[in-house]
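The values are calculated or read from the model by the stated rules, or taken from the named source; none is laboratory data. In this text, all values refer to a predicted model and were calculated from it rather than measured experimentally. Cβ: placed from backbone, ideal geometry, glycine included. Neighbour counts: every protein chain shown. The protein model used for the area step is the full one, side chains on, heavy atoms only, and it has no ligands, DNA or RNA in it. Shrake-Rupley method; radii C 1.70, N 1.55, O 1.52, S 1.80 Å.
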Amino acid sequence: MSQALRDWVSAERGRAARMADELGLSRPYVSNLVNGSKPGSVDVWRRISEYTGIPASELIGGAETDEPEPQGFSEPQLTAFHPPTGQTAHLRTAVRALFPDAKNPTVLIARGHQPTFGVLDRDLIIYEQKFDHGAIPANGLVIAQILSDAGTARTTIGRLAAPWIIGHDATVRGTDGLDASILGVVLGVLRGTAMTSHIG
């Protein structure tokens, strides 16, 4: 991405690997950032900037390319759900009743149909944020954050086929810090006019 980062990495053998380990990133992901084949998120570039001492503007703005400007995501697939005024406690009670063992259930709202996963526009997706990666069932549904070529992120639902996440459009994304990360495990999908009649 940045000549300054390439120079910093090449100045000392094993530097990229140490940086990856210390920042909790995968080594292939850091290698892709260094050679410019992955865009990286703003948070990752900020962490690399703090670690290396290279200004973030040099890291992000230093790409040399003749390719067209990469495009980000046009529409969100899932967004945070904010119940109508005065209804937060009712929603929390319903979620706790339906998923009593959940430690930190979170509610998202679907924006658009994803029929592969039985999700329709305005469905409420309940997912668990506190989970054990190793305990996700094979082909389990997960909430993932996906990076676009432009470095923007989108929250979506997908099926985990480790080490990949398969999207509703059969798009396969790599986990392990490559271009997708798992945010939580889907507990259930709530549907019905009673649940969504007040949603804007």
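A few remarks follow.
- Near pairs, Cβ below 8 angstrom, 6+ apart or cross-chain, from segment 43-72 (on the phi < 0 side of the Ramachandran plot and polar (S, T, N, Q)) to any residue that is at pLDDT 55 or above and outside any helix (DSSP H, G or I): S49/P55; T65/G36; Q71/S148; Q71/D149; Q71/A150
- Of all residues assigned to segment 181-198, none qualifies as being farther than 21 Å from G24 by Cβ, touching a helix residue (DSSP H, G or I) at 6+ places or on another chain (Cβ under 6 Å) and either modelled with pLDDT of 80 or more or open to solvent by less than 70 Å² (accessible area, probe 1.4 Å) (or both).
- Checking P76, P137, P70 one by one, the residue that is within 20 Å of the chain's Cα centre (by Cα), modelled with pLDDT under 80 and farther than 28 Å from L33 by Cα is P137 and no other.
Here is a yes/no grid of residues against (1) open to solvent by 70 Å² or more (accessible area, probe 1.4 Å); (2) farther than 18 Å from G174 by Cα:
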position	(1), (2)
R18	yes, yes
L23	no, yes
R27	yes, no
S31	no, no
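- Scanning segment 115-151 for residues that are open to solvent by 60 Å² or more (accessible area, probe 1.4 Å), outside any strand (DSSP E or B) and of a type in the set (S, T, N, Q), we see that the one that is farthest from S26 (Cα to Cα) is T116.
- Any hit, segment 125-134, residues being in contact with a helix residue (DSSP H, G or I) (Cβ under 8 Å, 6 or more places away or on another chain) and at pLDDT 90 or above: yes
- Among the residues of segment 80-114, the ones that are open to solvent by 40 Å² or more (accessible area, probe 1.4 Å), closer than 28 Å to D169 by Cβ and outside any loop (DSSP other than H, G, I, E, B) come to 1 in all.
- Scanning segment 20-63 for residues that are part of a helix (DSSP H, G or I), of a type outside the set (F, W, Y), modelled with pLDDT under 85 and under 22 Å from I146 (Cβ atoms) yields N32, L33, V34, N35, V42, D43, V44, R46, R47, L59, I60.
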